[in-house]
Amino acid sequence: MLRYITRRLVAVIPTLFGVTVLVFMAIRRIPGNAVLTMLGTEAGMLTETQRQALERYFGLDRPALEQYFVWMGNVFRGDLGYSVRHGKPVLDLILQRLPVTLELALVSLVIALTIGVTLGALSAMLHNSFIDLFGRLFALIGLAAPNFLVGTLIVYVLSVYFGILPNSGNYVEITQDPAKNFQQIIFPALTLGFSFSASVMRTTRSAMLEVLGEDYIRTARSKGLPPRTVIIHHALRNALIPIVTLAGVELGYLLGGAVIIEEIFALPGIGRLTLNAVSQRDYALVQGATLFIAVNFVAINLIVDLIYAAVDPRIAYDRQN
Amino acid sequence: MIAKIETDQARTKEPSVLHRLLRSRSGTLGLIIIIFYVVVALAGVLQWTPYPPNEQHAVDRLSPPSKTYWLGTDLFGRDMLSRIIKGASNSLYVALASVALSTLAGTLIGTVSAYVGGNFDNLLMRIMDIFFAFPAILLALLIVTIMGRGLDKTIIAIAVVYTPIFARVARAPVLSVKEMEFITAARCVGMSHRRILFFHILPNTLAPLIVQVSLALSWSLLTEAGLSFLGLGIQPPEPSWGVMLSESRGLSEIAPWLMIYPGLAIMLGVLGFNLLGDGLRDVLDPRLKRLR
């Protein structure tokens, strides 16, 4: 197991290195000069000396390789750059937004797992019944409905039928007013949770159907164990392994990918911060936020892989051989 | 040669993929939805729309569905049905072009990488891993930041996002097929690597690729709609279902049809490709059928 952990940790290093190179190169591929593009129409007012001074300030006059190492040196010191638009260090901006994204991700994950695992397990246990049909239809619709459609629908229903405006703008932190915070988080979390619960439902259903056909379940049943014990302790426990992976991967996506939902519900999270940075051509922020999200994504996938191997020792053994 | 004879014999015994697909409920339903979608998209290309999609009827702004405007009009008095039809052509064009590009690039990377093997394979797959380190929408955002907005750029962004997936899907079967006896036989009779790769290995790895293409079409439809919804994909006034849905925000209380019809169109398209993908998987990999 220790050998497996070491191997996985070592394997992540080239990926992370590649991520930094890709993010660095991507921003330098922007047509024209990044500083001038960032300034937009104001760039025309710059004199040649001012332009050169700005380029020297951002280090753009140095060779690309040197720029990369300077940038990486700063990244290792926790300096992801400075956002000209916000007038703040990029890392501060990200850390300020992180609690919102984290809360949204965790609440939607809980909603998705509760709905998905329950419906998936019921669907498999009552194979080909009315509940199974309902579950499969739910999954089909959930997978086909984009979350921005579900979000727009939720906003519509809430505002038209209940007179509530979920995207009122001023976000309240959980420490300030938990009730108000819950009101603001619950609808976007329901949107994301609904979309993800469809995949969880499908995975639970197929994993349960596979497990329920195994010999050890027949043995457990034939030795007279109550059906509840067989389902919960023998079947569901083993079927949960692929769901752990799915949930981990989804958490990675949610920590960086809830761009659209944060935008619809006006939540000041990392996704919306990145989207605004793209629209405002705030390249230091795009670069920093992208790197932060990608490194998080790799780290979460690594943790999920290790949990997966810890839960099911066959994995570490298989991959070593 | 041996492989060819075996395949020919198998073909005479088994019904065709299409025949088997039509026997599966989800496959048939998916196929019907997709044919309908393609017909609507073709009507958009041929401009068989009730009104020109960008024509503004100032007097009829925000008209509810009626005999004149079957699906109502938007804020500028443009006919929703015409825009949905033209939106179908745009979204199908983006989906087909981006999936074609990613299938081509991904399959080439995956098959060559697995066939050559060793350090070359290792290096290529590590590069693909770098792309997997980004959530899809974030990678698309990054690409749009670099290249700018618009229809063609959306196609490239989506293609880059899905290329690594195709590389992985194509690579796995090549690893097992290249060890089979008929490949050794082909090598012994002195066939070139290119011939072995494209005429003997690739046809045997098509099944998972076909399933993946169908599923990728549904994802690219969703990604295009998502990017356009955020204002980073197809640019207004060109109709796109994502743009239309985005334009409905703030107006849906007084004109819900602005949200309902583009939303239904996206759902139907994605549902069609998903069902077709499920049907194809059932036909091409029957082991999975019971588990779905």
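The values are calculated or read from the model by the stated rules, or taken from the named source; none is laboratory data. Everything numeric here is computed off the predicted structure, so don't read it as measured data. Every residue, glycine as well, gets a Cβ built from its backbone with ideal geometry; the counts of neighbours run over all protein chains shown. Accessible surface areas use protein heavy atoms only, side chains included; no ligands, DNA or RNA. Shrake-Rupley method; radii C 1.70, N 1.55, O 1.52, S 1.80 Å.
For the protein assembly as shown, the alpha-carbon coordinates run over 73, 66, 56 Å along the three principal axes, in decreasing order.
Distance between the 7 Å Cα→Cβ label points at residue A:173 and residue A:233: 4.6 nm. Taking a quarter of the surface of the Cα convex hull of segment B:12-121 gives a mean projected area of 12.2 nm². Each peptide in B:267-273, B:100-106, A:289-295 gets a packing score, the mean of other Cβ atoms within 10 Å over its residues, and the list from highest to lowest is A:289-295, B:267-273, B:100-106. Summarising the amide proton neighbourhood of residue A:82: residues at separation of 5 or more, or on other chains, whose placed amide H is nearer than 5 Å comprise A:90.
Legend: Rg and Dmax of segment B:81-210, from Cα coordinates, 17.7, 61 Å. With Rh defined as the Kirkwood radius, the inverse of the mean 1/r over Cα pairs, the Rg/Rh of chain B is 1.06. Per-residue surface analysis assigns residue B:125 an accessible area of about 20 Å², computed on protein heavy atoms at 1.4 Å probe radius. Placing +1 on the Cβ of every Lys and Arg and -1 on the Cβ of every Asp and Glu, with nothing else charged, gives segment B:95-205 a dipole about its Cα centre of roughly 140 debye.
Taking every residue in A:291-300, how many Cβ atoms of other protein chains lie within 10 Å of its Cβ, on average?
3
Across the residues of A:262-275, average count of Cβ atoms on other protein chains within 10 Å?
Working: counts 0, 5, 4, 0, 0, 0, 0, 0, 1, 4, 0, 0, 5, 6.
Per residue, the average neighbour count from other chains is 2.
Farthest toward the positive end of the dipole of segment B:59-141, out of B:133, B:80, B:104, is the Cα of B:80, where the dipole comes from beta carbon charges about the Cα centre. Scanning chain A for GluC sites (Glu not before Pro) that sit in a DSSP loop and have at most 15 other Cβ atoms within 10 Å, the longest stretch containing none of them is A:1-172. Working from Cα pairs under 8 Å separated by at least six residues, relative contact order for chain B is 25 percent. If R0 equals 41 Å, the separation of the Cβ atoms of residue A:131 and residue B:181 corresponds to a calculated FRET efficiency of about 0.25. Once both labels are positioned 7 Å from their Cα atoms along Cα-to-Cβ, the gap between residue B:22 and residue B:48 label points is 2.3 nm.
Might you report the magnitude of the Cβ-based charge dipole of chain B about its Cα centre, with Lys and Arg at +1 and Asp and Glu at -1, to the nearest 20 debye? Spell out each step's value before the answer.
Numbers: 26 positive and 19 negative charges, 151 e Å.
Using only the charged Cβ atoms, the result is roughly 720 debye.
Put simply, the convex hull of the Cα atoms in segment A:90-269 casts, on average, a shadow of 12.3 nm².
Each Cα pair under 8 Å and six or more residues apart adds its sequence gap; the mean of these over the residue count of segment A:129-272 is a relative contact order of 30 percent. Plainly put, segment A:254-310 has a radius of gyration that is 1.10 times its Kirkwood radius, both from alpha-carbon atoms, as the Rg/Rh ratio.
Grab the beta carbon distance between residue B:199 and residue A:65, set R0 = 51 Å, and tell me the FRET efficiency rounded to 0.05.
Values: r = 43 Å, r/R0 = 0.85.
It comes to 0.70.
Divide by every residue of chain B the summed helix terms, -39500 (n - 2.57) for each DSSP H run of at least 4, and state the resulting mean residue ellipticity at 222 nm, rounded to the nearest 500 deg cm²/dmol.
It comes out at -23000 deg cm²/dmol, rounded to the nearest 500.
The value for segment A:75-144 of Rg(Cα) / (2.2 N^0.38 Å) is 1.90.
Looking only at other chains, what is the average number of their beta-carbon atoms within 10 angstrom of each beta-carbon in A:148-154?
Working: counts 11, 14, 1, 2, 9, 5, 0.
Mean inter-chain Cβ contacts per residue within 10 Å come to 6.
In a simple Cβ point-charge model (Lys, Arg +1; Asp, Glu -1; nothing else charged), segment A:90-269 has a dipole of about 740 debye relative to its Cα centre. Calculated on the alpha-carbon coordinates, the convex hull of chain A measures out at 187 cubic angstrom per residue.
Over the residues of segment B:135-292, compute the C-alpha Rg and express it relative to 2.2 N^0.38 Å.
Output field value: 1.37.
Computed on protein heavy atoms with a 1.4 Å probe, the accessible areas place A:86, B:200 in the order A:86, B:200, largest first.
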